[in-house]
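None of the figures in this text is laboratory data; all of them are computed from the coordinates on show. This structure is a prediction, so every number in the text was calculated from the model and none was measured. Virtual Cβ from ideal backbone geometry, glycine too; neighbours counted across all protein chains shown.
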Amino acid sequence: MNTLQRGTRIDRIEALRFDGAAMHPVEEAIIVEEPLELRLVYFDEGHPKHTRVTVTMRTPGHDVELAIGFFFGEGIIQQYRDIDRFEHTGPSGDRPNNRNILTVTLKPYVSVDPFRLERHFLTAASCGLCGKAALETVRVGGYPSLPAGPLLAPQQLCELPRMLRNAQALFNKTGGLHAAALFNAEGRLLALHEDVGRHNALDKLIGHFLLEEKAAFLRHGILLLSGRASFELIQKAARAGIPVVAAVGAPSSLAVDLARECGMTLIGFLRNGRFNVYSGQERVTSSPH
């Protein structure tokens, strides 16, 4: 079986499909997974310091947003304006439009603690905390206070997964992606990003709003995750000041603990007209608006 066509984000390949009676050849769309090495340039007493931060397996596209969201989530930057420039370099293999090294140069005034940058191995698509060199670097801290709202009706929440799935263009073609989407208080979809990695999809989403300098949308929005709600995803949401996080899958115990600590509304198992509220129940009404 040979690859028929290689694209930037989707490949088309030959496969064999069993239809219940026999095997027959088909052409399938599969999502592209490529490594992205993130490098950082920061200044120490006026001298530039170059460091390789991490390698993450991601779906190519929106790499700048991914980097912004990643460094924001790690507490390296506080806003998009802390970044001076980006440089895409590196080998692209047989995908000439892909560059798999992204160097982010910070402005000279940004103070960086090198201890927080220590990651010792590759970050897999499913992992946001892999490679942390010490337990002290797991919790980023510095979470902003969350607003009292929005106030949400159960019926409104139950509509969100359908809207998410309808908007997942790449998932509908390949079936192989996670998604992170932000809705406003009225339930309107504001932005959605897809990636093979859950944490990458959220980094891209947060990075999108920081790049557009529209962080206020995050602080009054509803985040919907297509999978489970793990600690690192809740931490990224808390750093961004997102008051409501809903997940189609289950939360972890640490995710619940952090959501309660931050005053965040955390909803799990949001599917088929049902959900569980694990924290922040005051933002969910018991009846329709």
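If the Kirkwood radius is taken over C-alpha pairs of the range 145-278, then at 37 °C and 0.692 mPa s the Stokes-Einstein diffusion coefficient equals 229 µm²/s. For MET23 and GLU212, FRET efficiency with R0 = 45 Å and r from the beta-carbon atoms, rounded to 0.05? Rounded to the nearest 0.05, the efficiency is 0.40.
What you get for the range 154-283, charging only the Cβ of Lys and Arg (+1) and of Asp and Glu (-1), is a dipole of about 280 debye around the Cα centre. The gain in end-to-end length when the SER253 to ASP113 segment is fully stretched comes to 47.5 nm, 0.36 nm per residue minus the alpha carbon separation. Among 250-258, 194-202, sorting by the average number of other beta carbon atoms lying within 10 angstrom of each residue, highest first, gives 194-202, 250-258. Ordered by the count of other Cβ atoms within 10 Å of each Cβ, fewest first, GLU45, GLU212, GLU37 give GLU45, GLU212, GLU37.
Around PHE43, which amide H atoms from residues at least 5 apart in sequence, or from another chain, sit under 5 Å from its own amide H, with H modelled in the peptide plane? Under 5 Å from the amide H of PHE43 lie the amide H atoms of LYS49, each far enough along the sequence or on another chain. Based on the alpha-carbon gyration tensor of the range 18-71 and its eigenvalue square roots a ≥ b ≥ c, which shape applies: rounded if a/c is under 1.5, prolate if not and a/b is larger than b/c, or oblate? Prolate, since a/c reaches 1.5 and a/b exceeds b/c.
Sort HIS178, HIS47 so that the residue with the fewest other Cβ atoms within 10 Å of its own Cβ comes first and the one with the most comes last.
By the 10 Å Cβ count, ascending, the order reads HIS47, HIS178.
Return LEU38, LEU151 ranked ascending by Cβ neighbour count within 10 Å, so the fewest neighbours appear first.
Sorted ascending by nearby Cβ count, the order is LEU151, LEU38.
D by Stokes-Einstein for the range 230-289, Kirkwood Rh over Cα pairs, 10 °C, 1.306 mPa s: 138 µm²/s.
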